[in-house]
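The values are calculated or read from the model by the stated rules, or taken from the named source; none is laboratory data. Here the structure is a predicted model, which is why all the values come from computation and not from measurement. Virtual Cβ from ideal backbone geometry, glycine too; neighbours counted across all protein chains shown. Each accessible area value is taken on the protein alone, full model and side chains, heavy atoms only, with ligands, DNA and RNA left out. Shrake-Rupley method; radii C 1.70, N 1.55, O 1.52, S 1.80 Å.
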Amino acid sequence: MGFRISHYHQITKSPKHAWLAAVLCVASLLACQPAPEDGRKPAPKAGQATLYYFTWSDYVGPELLEEFERQTGAKVVVDTFSSNEELLAKLQSGASGYDVIVPSDFMVAVMMKQGLLAELDPAKIPNAQQLVGALATLPVDPEHRFSVPYLWGTVGIGYDSSVIPTPPDSWAVLWDKRYEGKISMLNDQREVFGAVLRLMGQSMNSRDPAVIEAAKARLLEQKPLVKTYTSDHFDQLLASGEVVLAHGWGGPVARAMALKPSIKYIVPKEGATIWADCLVIPRTSRNKELAMQFINYLMDRDVAARTSERLLFASASRGAMALVAAGVQNNPAVYPDEAALGHLEWMLDVGDALRSYDRGWTELKMK
Amino acid sequence: MTGSSGLRTDARRTAWLLAPALAWMGLFFVLPLMVVFLISFATRSAYGGVEWAFTPANYRDLADPLYLRIYLRSCVMALATTGVCLVLGFPLAYHMARAPARWQGIWLVLVLIPFWTNFLVRTYAWMNLLRADGLLNTALIGAGVMRAPVEILYSDLAVLIGLVYGYLPFMVLPLYAAIERLDRSLLEAARDLYAPGWAVFTRVIVPLTKPGIIAGCLLVFIPSLGAYITPDLLGGARSMMIGNFIQHEYLVVRDWPLGSAASFVLMAIVVAGLWGYQRAGGVRA
């Protein structure tokens, strides 16, 4: 098309321009390529045992990996993904070669159902025996046959206490007209519906079309107050003051607190989602022994405590609790308190009702 | 080459030269497209797998007014983007093509420089420009133009700005190529025949650069129709375009069949538009 003609034209006219145009062309093409995955390490030497770890970006301290490499003589190669969906899509499309991956609880269920995971040998992962109470039985995999909960947390509300002096205690604050245009919600249909379902006194896993329809009506009511639906940068919005109420995971809110001390976090009294990212081994792993050794290492109380402090997510290891700094341990955005623990709910598969959620979500976006 | 053997060698050489590109396109474009086409007639299994059922149900579902509104909205946004790009791009391309040769190179570099950075990064940069305490508002308030910041980010206007920004080079480059080939003596002839400036533009420049205008419009319209990063980030995901809908169906709902059907309807819209245009006698050059 015109693109090529223009460069051809340049060539016939002035060789200097042709050269420039060619360089520009190549440069533009290169710029269109996706950037190489961060954290990927150089290829290992032949003969050395290698563990391929596929995890969330910025989800592991490099010094912890080096320690594991020193202990075992194995090499750890890290690759990162940015959503559970991306992880599943890669695994489904036959991407093999990963030894340990970190799906969230609901995605563990999907992967189990699709037969993508390898069964674990509990004897090889002794550190996974000592889990905190809330995670000892995970509904999707109660006996931990396929998964070991690693980091966990809640989905609540981060707010700026310098603007909202009386601490809110209910999801209803996200419907408060005083904060119009200063509210962000997750860009996640199940979580957004979850918030309103809990407010309505329902389960976030409701399959009743009438209930879902009523929830949608409440969300449509709320939409004019919502500045943006985002799962990626609500912590920055909160820290910069662009929103004063953010529906989201505790970890990022805890990080925003470091930037702006007036930021606080609550788990609403109606209850909230509890989630856990789990360590699992794909069926296609070629090094399951080393993979279990690695899982056991990440669940070591000392390693787990350091991870928890660094990432500001709660560790599933009961032993780590004693080692985590008090400031982190007492932060409700990281470790929910006893009262909150009582009414947390896991997000479960809703079967065909997903269509109702999906339709409601699309309607919400198109109104 | 006159002999029949010469023709045959010629045909054979053509075949060999075309083979790599055809094989590439067949393997990595046509074949996957066929797979997507087949999936669009399947159904979603309980856990988001694909069940081979061969039903037109997905296409029937898409006829829902809710989904039609997504298509309509996308078409309107893409048309608006194309229009603004044309209005902004034409004078720029004209200026570039008429500049001295040395300057033309510099202008080309300036138009292409944004491509050196990842589109996602540039979109994040726009978020910083448009936000309430962003550069644009701060500058306008500082200059005394306005008192309170205008909220541009997370609106359709922000999406439009982002799309125009992203696709403007695709409009400028073909226009530049077309205008550069324009024979200057024809413009002089028009002037000599007492054509006023406007008439020179509409009756000489536009008809002669029509292939460039069409190429530019297509290169802007088609990708902006399927945009999804821009509506998500600059629009604050408060609304959807087809790209967002397809991504949502594929990844979040894991309904590949419906997502595939939506992709094919999108392609059908583009192909129908091109075909209608060609029938009207459009693409000659």
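A few points about this structure:
- Loop-resident chymotrypsin sites (Phe, Trp or Tyr not before Pro) (DSSP state other than H, G, I, E or B) in segment B:165-194 with no more than 15 further Cβ atoms inside 10 Å of their Cβ: B:Tyr194.
- Entry comment: accessible area of the protein assembly as shown is 47 Å² per residue, from protein heavy atoms only and a probe of 1.4 Å.
- Cα-Cα pairs of segment B:61-279 separated by more than 29 Å (percent): 40 percent
- For chain A, built as a Gaussian network whose Cα springs stay under 10 Å, the top-fluctuating residue of A:Gln48, A:Gln236, A:Gln222: A:Gln48
- Projecting the Cα atoms of B:Trp198, B:Asn128, A:Asn287 onto the charge dipole of the protein assembly as shown (Cβ charges, centred on the Cα centre) puts B:Trp198 farthest toward the positive pole.
- Taking all protein chains as they are arranged and a probe of 1.4 Å, the heavy atoms of B:Phe264 leave approximately 40 Å² accessible to solvent.
- For B:Arg203 and A:Asp208, a Förster radius of 56 Å and the Cβ-Cβ distance give a FRET efficiency of 0.25, rounded to the nearest 0.05.
- Choice from A:Thr307, A:Thr284, A:Thr72 showing the highest fluctuation, given a GNM over chain A with Cα pairs closer than 10 Å: A:Thr72
- Inter-part distance where segment A:333-350 and segment A:275-310 are each reduced to a Cα centre, Å: 22 Å
- Carbon and sulfur %, accessible surface of segment B:145-249 computed with the full protein complex present, 1.4 Å: 64 percent
- Computed extension gain for B:Ile106 through B:Asn128, at 0.36 nm per residue and net of the alpha carbon distance, reaches 5.2 nm.
- Bridge type composition, chain A - antiparallel percent by DSSP, nearest 5: 60 percent
- Whether segment A:79-214 is rounded, prolate or oblate, judged on the alpha carbon gyration tensor where a/c under 1.5 counts as rounded: prolate
- Given charges at beta-carbon only (K, R positive; D, E negative), |dipole| of the protein assembly as shown in Debye: 2580 debye
- Carbon and sulfur %, accessible surface of segment B:1-107 computed with the full protein complex present, 1.4 Å: 76 percent
- Taking all protein chains together and rolling a 1.4 Å probe, B:Phe29 ends up with roughly 110 Å² accessible.
- Translational diffusion of the protein assembly as shown, estimated by Stokes-Einstein from the Kirkwood radius over alpha carbon pairs at 10 °C in a medium of 1.306 mPa s, is 56 µm² per second.
- Applying a DSSP loop filter and a limit of 16 other Cβ atoms within 10 Å to the trypsin sites (Lys or Arg not before Pro) in segment A:255-326 leaves A:Lys269, A:Arg283, A:Arg286.
- For chain A, the dipole from Cβ point charges (+1 on Lys and Arg, -1 on Asp and Glu) about the Cα centre works out to 1120 debye, to the nearest 20.
- In this calculation the C-beta distance from A:Glu143 to A:Glu338 is compared with R0 = 22 Å, giving a FRET efficiency of 0.25.
- Under 14 Å, Cβ to Cβ, from A:Ser315 - net charge with Lys/Arg +1 and Asp/Glu -1: 0
- Calculated FRET efficiency for the pair A:Met366/A:Ser240, C-beta based, R₀ 25 Å, to 0.05: 0.30
- Solvent-accessible surface of protein heavy atoms, probed at 1.4 angstrom with all chains present, puts A:His247, B:His95 in the order B:His95, A:His247, largest first.
- Leading residue at positive end of dipole, chain A (Cβ point charges), from A:Ser147, A:Phe313, A:Gly181: A:Gly181
- Stretch in chain A that is longest and holds no GluC sites (Glu not before Pro) that DSSP places in a loop and that have at most 16 other beta carbons within 10 Å: A:181-367
- Accessible surface for A:Thr166 stands near 110 Å², nearest 10, in the context of the full protein assembly shown (1.4 Å probe).
- Only protein heavy atoms count here, probed at 1.4 Å, and on that basis chains B and A bury about 4400 Å² of accessible area in total.
- Segment B:61-279, dipole about Cα centre (Lys/Arg Cβ +1, Asp/Glu Cβ -1), debye to the nearest 20: 500 debye
- At 1.002 mPa s and 20 °C, Stokes D of chain A from Kirkwood alpha-carbon radius, µm² per second: 95 µm²/s
- Highest-fluctuation residue, B:Thr82, B:Thr209, B:Thr138 considered, GNM on chain B with Cα pairs under 10 Å: B:Thr138
- Residues B:Arg69, A:Arg70 ordered from highest to lowest accessible area at a 1.4 Å probe: A:Arg70, B:Arg69.
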